[in-house]
Amino acid sequence: MGWPRQLVLVRHAESEGNIRTADERAQFDVATHAYPLTPRGRRQAVLSGTYLRDRFGNFDIFYVSYYQRSRETMSLMYPDARVYEDPRLAEGQRGVYHTLTQEQIEKIFPGENRRKEREGLYHFRALGGENWPDIELRIHSFLGTLGRDYDDQDVIIVVHGHWLILFQRLIHHFSIEEAVKRYKEGVFENASVTIYESVVHNNKSRLCLIEENIVPWAGKL
């Protein structure tokens, strides 16, 4: 099993969900997977695409999740690419927290917020949603596909911020506490670029982080 020669991960550009609070998203009459990019987000994607084409040229493989904001970001960066969608790349599902405000949750599901606080962000599985280990299982599966099918190829993926933090937890063996800290700090900007390369160590191929959270649009919008 090998790894892609180059693996470039781009967090999707700014979407309508990114400019709303959690309660505002709950009242926004659009499913979370259907959030489009904002006008600013579309400009971010174009600028990041220019940076990527100048630095890397083309890629062998293009992946996105089925979320609108992921697909739209890739289409603006590489309009002519043949793109693969994979549901394992989807952002974490927050269940009732996607569609109900905090006040509604307290009223309809009394005790749910207290259960969340008691169990903590990593372990808590909202009603109808996933917890972080659920997402990590999807990532484990996708890593198997990368290693099996794309050895020594150049791969670019438009990912989601939470997904990317858990991807790095698995690759770098972050603790749960470190992953939660990075999640709360929001370490990855929209339309930012994170780069890995395959290296051989002790006769084993590994993914090595080259740069992370490059923001090609910074200072240009």
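For this structure, a couple of remarks:
- Residue in the stretch 105-122 that is within 20 Å of the chain's Cα centre (by Cα) and either surrounded by fewer than 16 Cβ atoms within 10 Å (Cβ to Cβ) or modelled with pLDDT of 95 or more (or both) present: yes
- Residue, modelled with the lowest pLDDT, within the stretch 13-33, restricted to residues that are outside any loop (DSSP other than H, G, I, E, B), closer than 20 Å to LEU164 by Cα and among the polar types (S, T, N, Q): THR32
- Any hit, the stretch 59-75, residues being within 21 Å of HIS12 (Cα to Cα), in a helix (DSSP H, G or I) and touching a Pro at 6+ places or on another chain (Cβ under 6 Å): yes
- Being among the small types (Gly, Ala, Ser), free of Cβ contacts under 8 Å to residues at least 40 places away in the same chain and more than 25 Å from GLY41 (Cβ to Cβ) is a condition met by no residue of the stretch 180-197.
- THR73 being touching a residue at least 24 places away in the same chain (Cβ under 8 Å), of a type in the set (Val, Ile, Thr) and closer than 30 Å to GLY219 by Cα: yes
A quick yes/no check of all residues on (1) closer than 30 Å to ASN58 by Cα; (2) modelled with pLDDT of 95 or more; (3) surrounded by 15 or more Cβ atoms within 10 Å (Cβ to Cβ):
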| residue | (1), (2), (3) |
| --- | --- |
| LEU76 | yes, yes, yes |
| ARG88 | yes, yes, yes |
| GLU91 | yes, yes, yes |
| PHE124 | no, yes, yes |
| ASP134 | no, yes, no |
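- Some residue of the stretch 198-207 being in contact with a Lys or Arg (Cβ under 7 Å, 6 or more places away or on another chain) and either modelled with pLDDT of 95 or more or more than 24 Å from GLY120 (Cα to Cα) (or both): yes
- Qualifying positions in the stretch 140-167 - acidic (Asp, Glu) and part of a helix (DSSP H, G or I): ASP149
The values are calculated or read from the model by the stated rules, or taken from the named source; none is laboratory data. Nothing here was measured: the structure is a model prediction, and the numbers come from that model. Neighbour counts run over all protein chains shown; Cβ positions are idealised from the backbone, glycine included.
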